[in-house]
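Asks: Take a look at the following structure, please.
The values are calculated or read from the model by the stated rules, or taken from the named source; none is laboratory data. Bear in mind that the values here come from a model prediction, so they are computed numbers and not experimental data. So basically every Cβ, Gly included, is an ideal-geometry build from the backbone, and we count neighbours across all protein chains shown.
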Amino acid sequence: MFGRDEKPSHIRLTAVQYVILAIFLLLAYGLWRLQVSQSDYYSAAAEQNRIREVPILAPRGKILDRNGRTIVENYTSYTALLMRDSSRDLNADADLIAEGLHMDPKEVRDKIRHFAYMPQFQPIYLKEDITLDEVAFIEAHKNELPELDMIRAYRRLYPQKGFLAHLIGYVGEVSEDMLNQPQFEFYNPGDVVGRSGVELEYNQLLMGKNGSRQVLVNSHGKEVGQPLDEKPAVAGKPLKLTVDVDLQIAAEEAMEGKNGAIVAMDPRTGEILAMVSRPTYDPNDFAIRIGRADWQKLISDPNKPLLNKAIQAQLAPGSTFKIIMAAAGLQEGVAQNMHVNCNGGAVFYGRYFKCWITARHQVHGDVDITKGIYQSCDVFFYTLAEKLGISRIAKYATEFGLGQKTGIDLPDEVSGVMPSEEWKLRNFRQKWFPGETISVGIGQGAIAATPIQLARAIGAIASEGRLVRPHVTDPKDLPPNVVPVSRVPDEIKIPMDPQNWTTITDAMADVVSPLGTAGLSHIQGVDFAGKTGTAQTISNAAKAKLASDKSRFRDNAWFVGVEPRRNPEIVVCVLMEAGDEGYLAARVAAQVVKFYAQKQSRQPASIAKKGNSPGSVEVGAVWNSQNQNGSPDKLNGGRFQIDLGKRPLAIATAAPGLQ
Amino acid sequence: MPRNMSLRDFDWVLVAFVLIICTLGVIEIRSATLHTKFAGVHVKQVYWIMAGFGCMLLVSLVNYQALLERVPWMYLAGVALLGAVLVPHIGQKYLGARRWIKMPGGGHLQPSEWVKLILILAVAKYFADLQSRELSWTDFVKAGAIVGVPMLMVLAQPDLGTALTYLPIAMVGLFIGGIRWKQALAIVLLAGLAMPLAWHHLKDYQKQRLVSFMAPDNDPQGAGYHVRQSKIAVGSGGIWGSSSGSQTHLAFLPEPHTDFIFAAFSEEHGFVGALGVLLLYFIVLMRLTQNAQTAPDRAGTFIVMGVVAVLTFHILVNIGMVVGFMPVTGIPLPLMSYGGSSVLFIFLALGMVMNVRMRRFVN
């Protein structure tokens, strides 16, 4: 037994001392590790802690028409941000923030949670394009909510009502898929890039370079002192299109309420003057993130509003293909003296093929190549197809660019199909049946073409075989590093006999004469020529079975028109889905061509050119002036050069919805 | 004052080292709060230190034997206060934990701090009264219960950090009181079994702190923020210290004048300065253990060693947290961190040590 004063074991007390020593050595090691061995790492980390890079967003370049009129510009907006380098409890503040920004508190918390695993320097983008009172809320709560901030952003202002929407395209936040592609490797998450149309094709030109401001901040995210370094943003460069806003307005109006596409091109250069695709969408909805429901509606719409049908709809060209057939037939020397008697149909390879005229209980009678074109006689072209054979048809069609991309400077163009023996063997491992050639002869069967292909091919035939590559920007206006590379040559000369050229173009002019299939589309005083097409979307036999649901499979109407008929300045291709009859498409095309011709006739350039210098007119004038004695009887006379300069001739000053 | 007892017997060497550490603390508090809303608190800290010094003198005068006589009552009162804290309306809730009792006159009392002092005395009394060199199992369980009951009550507040500071009192008491290997093994086994259960009962923020302690870089701006910022502050100090002290001064370091004062000090004065402070603490602790050895009786030894245990634990947990070895628990660094309770507690504890020392020649 031990007394109360029995001292505790000295060994154990000493042991405690050694434990304390061990603890202190451990702590000293901890200090040594941080301050000596890893000091450089933590010094660097401290630098990053202090300096925050605040981005300065660069505005995208404007998009202009061929005369420099504004089509797309920017407007300034503010985006509400949550800074996560502040030490505040974001979830606790979520209710107040949500109330001030008119958001659902759950949405705010979801965003905070969503960003939880993102790098800390990346702010949370809470709400874009905030209203003035929301801006005021952020300003007023700088002290209570130091983590809430806003940044000035430039948003795209697109023309109203989907004007030129498909050609322009739209912008959006760069997607993860895009970031993995080499051409986007220098982009950062959150960057706004072109997602379609020229916004995508010329993104490199349009997109500016974001600048940054290096600021000293404390952990509450408050800037301390003056910015250390400021790299100003470099604005994107403007993009000048070949589109003419006035003609585009006319084309948009002509397509109002219809489904399909219009392409208007200058076949001498390949410049696209107008491009319409219907139905359209409002790209302004994409400037701010589009709601899921609206997006679903857009992508599930059977009329495919997001598709640029001018370059992405591949459909049977119908009778417009007969122009290419005619070129092939004449160049091969088959069609010149060919005469066919149309009784409303004929038998080829044991099958009866009807001519469209039987639907009107008529016949074409004796048909030559000219009548075959202006009356669009199917029997004539069945016979021509039989005589040419698929190989020769395919050779000419391919020469004129069918079944391959035109090389237009827009993304996601489709190539269409030009069938041939090899094509069928390759894709279906089947032999070509001679009977299939007959359908191809009138632009049916496996053949599929886009409006841009037809405009280009028929424009080339009317230009004596000069096939150009279409483009929406003049490469001369672009810096060399953004000129798109295309495997399609800018211009090819396809040999064409001038006699054949005259025959075809004259017959095309007859199409819009009282003799032709689109007589009503004749334009007084304008040398308009073209070819109608009515393309079945399914076979007649299948159509009979679907008697109750015919509307879904109504015929597509086509028209490809040129003005003037030889060496045209403009070629217009119109596709009207479910348009029923080619002559209806011809009216649309005529509307566009008529406007074009009117605008051209109003150009005083032709007068001005008669003067000594281009752009000025010589005028003679006489006037009175006072004599030296005061009586007003001195007569003067003189010749003056009036400089017309570049008077604004255009009707519109900018695209609809823009000033 | 009894005979052969005077202030000359005060451990003035210990007091000198303690005051050096306090001074360094005050200077650092001033530096860390210079341009913040806390500017000027270093003056308050000086007042607290002066008040603490006064308390130390007072406590040293009351015979610790008299205190030990009343320990059962003090212990019961302490437990009662801890119970009162848990009762709504009496206990004040702040940041989700019920830790304070509102006092008449607007003050707030946090009983769990003062229970620490009572526990040192209670454990000392219990082991001093034991007559055997080796602990029996019953003694072992009883000693555990003395510390365990208030500890569970503090855990219920919930205040994990303070509850854990009770542990070293029990551990040192048991160790010096003659714990057997089997008993130590039983503690380890019990702790092992309790671990998953305890995890289950931890609050979300406590779990988060522990998780972020394990992998602070996964979430540098979230729960791991404190740990990472503290390590950056210490690390960027280098060997001789960072002249700008940007971590501290640009407010990246959280609470640079309270829990993270050692990080702020290490940033400004580097490895050399930090090691110097560690050395000062080591000297203080060694000096205290020496006083434990010269104590007039078992109870005196246990009292001093209880103080040593609490101080060592505070230093280990706080500096361990600052250098990234320990999770964030909100335990201040004794003598340096700003805060009235912390300063008063340390000086009262030192007062008890002086009390024991002054009576070393009393048989």
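Let's see how each residue does on (1) touching a Phe, Trp or Tyr at 6+ places or on another chain (Cβ under 9 Å); (2) farther than 28 Å from A:Arg565 by Cβ; (3) in contact (Cβ under 8 Å) with a residue 24 or more places away in the chain:
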| site | (1), (2), (3) |
| --- | --- |
| A:Pro279 | no, yes, yes |
| A:Ile299 | no, yes, no |
| A:Pro305 | yes, yes, yes |
| A:Lys322 | yes, no, yes |
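Rundown of residues vs (1) aliphatic (A, V, I, L, M); (2) outside any loop (DSSP other than H, G, I, E, B); (3) modelled with pLDDT of 95 or more; (4) surrounded by fewer than 15 Cβ atoms within 10 Å (Cβ to Cβ), yes/no style:
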position: A:Glu464; (1), (2), (3), (4): no, no, no, no
position: A:Asn481; (1), (2), (3), (4): no, yes, no, yes
position: A:Val485; (1), (2), (3), (4): yes, no, no, yes
position: A:Pro495; (1), (2), (3), (4): no, no, no, yes
position: A:Trp501; (1), (2), (3), (4): no, yes, no, no
position: A:Ala509; (1), (2), (3), (4): yes, yes, no, no
position: A:Pro514; (1), (2), (3), (4): no, no, no, yes
position: A:Ile523; (1), (2), (3), (4): yes, no, no, no
position: A:Val526; (1), (2), (3), (4): yes, no, no, no
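Asks: A follow-up question, please. Here is a list of conditions, (1) surrounded by fewer than 21 Cβ atoms within 10 Å (Cβ to Cβ); (2) touching a Gly at 6+ places or on another chain (Cβ under 8 Å); (3) not in a helix (DSSP H, G or I), and B:Val272 meets all of them except one; can you say which number that is?
Replies: B:Val272 satisfies every listed condition except (3).
Asks: Taking the condition at pLDDT below 95, touching a strand residue (DSSP E or B) at 6+ places or on another chain (Cβ under 9 Å), over 20 Å from A:Gln598 (Cβ atoms) and outside any loop (DSSP other than H, G, I, E, B), does A:Ala541 pass? Spell out the reasoning first.
Replies: On the way: at pLDDT below 95: yes; touching a strand residue (DSSP E or B) at 6+ places or on another chain (Cβ under 9 Å): no; over 20 Å from A:Gln598 (Cβ atoms): yes; outside any loop (DSSP other than H, G, I, E, B): yes.
It is false that A:Ala541 is at pLDDT below 95, touching a strand residue (DSSP E or B) at 6+ places or on another chain (Cβ under 9 Å), over 20 Å from A:Gln598 (Cβ atoms) and outside any loop (DSSP other than H, G, I, E, B).
Asks: Moving to a separate point now. Return yes or no: is A:Lys431 under 33 Å from the mean Cα position of the chain (by Cα), surrounded by fewer than 20 Cβ atoms within 10 Å (Cβ to Cβ) and part of a loop (DSSP other than H, G, I, E, B)? Break it down into steps so the answer makes sense when it comes.
Replies: Details: under 33 Å from the mean Cα position of the chain (by Cα): no; surrounded by fewer than 20 Cβ atoms within 10 Å (Cβ to Cβ): yes; part of a loop (DSSP other than H, G, I, E, B): yes.
It is false that A:Lys431 is under 33 Å from the mean Cα position of the chain (by Cα), surrounded by fewer than 20 Cβ atoms within 10 Å (Cβ to Cβ) and part of a loop (DSSP other than H, G, I, E, B).
Asks: Going through region B:254-269 one residue at a time, which ones are without any contact (Cβ under 8 Å) to a residue 60 or more places away in the chain and assigned to a helix (DSSP H, G or I)? I'd like the intermediate steps shown before the answer.
Replies: Taking region B:254-269 first, the residues without any contact (Cβ under 8 Å) to a residue 60 or more places away in the chain are B:254-255, B:263, B:266-267, B:269.
Correct list: B:Ala263, B:Ser266, B:Glu267, B:His269.
Asks: Restricting to region A:311-360, count the residues that are among the charged types (D, E, K, R) and part of a strand (DSSP E or B).
Replies: Kept after step one, since they are among the charged types (D, E, K, R), are these residues of region A:311-360: A:322, A:332, A:351, A:354, A:360.
Still in the list and also part of a strand (DSSP E or B): A:351, A:354.
Summing the residues that are among the charged types (D, E, K, R) and part of a strand (DSSP E or B) in region A:311-360 gives 2.
Asks: Could you list, in sequence order, the residues of region B:126-144 that are closer than 20 Å to B:Ile303 by Cβ, in a helix (DSSP H, G or I) and either more than 11 Å from chain A (Cβ to nearest Cβ) or in contact with a His (Cβ under 8 Å, 6 or more places away or on another chain) (or both)?
Replies: Result: B:Tyr126, B:Asp139, B:Lys142, B:Ala143, B:Gly144.
Asks: Let me ask you something else. Is it the case that A:Ile97 is at pLDDT 90 or above and buried (at least 21 other Cβ atoms within 10 Å of the Cβ)? Break it down stepwise before answering.
Replies: Working: at pLDDT 90 or above: no; buried (at least 21 other Cβ atoms within 10 Å of the Cβ): yes.
It is false that A:Ile97 is at pLDDT 90 or above and buried (at least 21 other Cβ atoms within 10 Å of the Cβ).
Asks: Also, I was wondering about something else. Pull up region A:15-40, narrow it to residues that are at the interface with another protein chain (Cβ under 7 Å from one of its Cβ atoms) and under 15 Å from B:Gly241 (Cα atoms), then point me to the one that is surrounded by the fewest Cβ atoms within 10 Å (Cβ to Cβ).
Replies: Step one: filter region A:15-40 for residues at the interface with another protein chain (Cβ under 7 Å from one of its Cβ atoms), giving A:16-17, A:20, A:23-24, A:27-28, A:30-32, A:34-36, A:38-39.
Remaining after also requiring under 15 Å from B:Gly241 (Cα atoms): A:31-32, A:34-36, A:38-39.
Numbers: A:Leu31: 25, A:Trp32: 17, A:Leu34: 28, A:Gln35: 27, A:Val36: 13, A:Gln38: 15, A:Ser39: 21.
Among residues in region A:15-40 that are at the interface with another protein chain (Cβ under 7 Å from one of its Cβ atoms) and under 15 Å from B:Gly241 (Cα atoms), the one surrounded by the fewest Cβ atoms within 10 Å (Cβ to Cβ) is A:Val36.
Asks: Which residue pairs have Cβ atoms closer than 6 Å, lie 6 or more positions apart in sequence or on different chains, and pair a first residue in region A:386-411 that is more than 28 Å from A:Gly194 (Cα to Cα) with a second residue that is crowded, with 24+ Cβ neighbours inside 10 Å and basic (Lys, Arg)?
Replies: The qualifying pairs are A:Gly401/A:Arg456.
Asks: Please go through region A:397-412 and pick out each residue that is among the acidic types (Asp, Glu) and within 16 Å of A:Leu467 (Cβ to Cβ). Outline the logic, then answer.
Replies: Step one: filter region A:397-412 for residues among the acidic types (Asp, Glu), giving A:399, A:409, A:412.
Within region A:397-412, just A:Glu399 meets the criteria.
Asks: Of all residues in region B:319-335, which are facing chain A (nearest Cβ under 10 Å), surrounded by fewer than 24 Cβ atoms within 10 Å (Cβ to Cβ), at negative phi and touching a residue at least 24 places away in the same chain (Cβ under 8 Å)?
Replies: Result: B:Met326, single match.
Asks: Given B:Gly52, B:Gly25, which one is in a helix (DSSP H, G or I) and either polar (S, T, N, Q) or under 15 Å from B:Ala349 (Cα atoms) (or both)? Walk me through how you get there before you give the answer.
Replies: Details: B:Gly25 fails: either polar (S, T, N, Q) or under 15 Å from B:Ala349 (Cα atoms) (or both).
Step by step, each of B:Gly52, B:Gly25 is checked, and only B:Gly52 is in a helix (DSSP H, G or I) and either polar (S, T, N, Q) or under 15 Å from B:Ala349 (Cα atoms) (or both).
Asks: I need every pair where a residue in region B:285-311 that is at the interface with chain A (Cβ under 10 Å from one of its Cβ atoms) has its Cβ under 7 Å from the Cβ of a residue that is of a type in the set (Lys, Arg) and assigned to a helix (DSSP H, G or I), sequence separation at least 6 or different chains.
Replies: B:Ala299/B:Lys125
Asks: For region B:171-187: of the residues being among the aliphatic types (A, V, I, L, M) and more than 14 Å from chain A (Cβ to nearest Cβ), which is surrounded by the fewest Cβ atoms within 10 Å (Cβ to Cβ)?
Replies: So the first thing to find is which residues in region B:171-187 are among the aliphatic types (A, V, I, L, M), and the list is B:171-172, B:174, B:176, B:179, B:184-187.
Still in the list and also more than 14 Å from chain A (Cβ to nearest Cβ): B:185-187.
Working: B:Leu185: 10, B:Ala186: 16, B:Ile187: 15.
Once the filter is applied, the top-ranked residue is B:Leu185.
Asks: Can you name every residue in region A:580-599 that is surrounded by fewer than 24 Cβ atoms within 10 Å (Cβ to Cβ) and either at pLDDT below 85 or at positive phi (or both)?
Replies: A:Asp580
Asks: Mind checking whether some residue in region B:336-353 is more than 13 Å from the chain's Cα centre (by Cα) and within 11 Å of chain A (Cβ to nearest Cβ)?
Replies: No: region B:336-353 contains no residue that is more than 13 Å from the chain's Cα centre (by Cα) and within 11 Å of chain A (Cβ to nearest Cβ).
Asks: Residue by residue through region A:152-172, note down the ones that are exposed (fewer than 15 other Cβ atoms within 10 Å of the Cβ) and either of a type in the set (Val, Ile, Thr) or out of contact with any Pro (no Cβ under 7 Å at 6 or more places or on another chain) (or both).
Replies: So in region A:152-172, the residues exposed (fewer than 15 other Cβ atoms within 10 Å of the Cβ) come out as A:152, A:160-161.
The one that is exposed (fewer than 15 other Cβ atoms within 10 Å of the Cβ) and either of a type in the set (Val, Ile, Thr) or out of contact with any Pro (no Cβ under 7 Å at 6 or more places or on another chain) (or both): A:Arg152.
Asks: So, B:Leu316, is that one surrounded by fewer than 24 Cβ atoms within 10 Å (Cβ to Cβ), assigned to a helix (DSSP H, G or I), among the aliphatic types (A, V, I, L, M) and within 8 Å of chain A (Cβ to nearest Cβ) or not? Show your work before the answer.
Replies: Details: surrounded by fewer than 24 Cβ atoms within 10 Å (Cβ to Cβ): yes; assigned to a helix (DSSP H, G or I): yes; among the aliphatic types (A, V, I, L, M): yes; within 8 Å of chain A (Cβ to nearest Cβ): yes.
Yes; evaluated as a whole, the condition is true for this residue.
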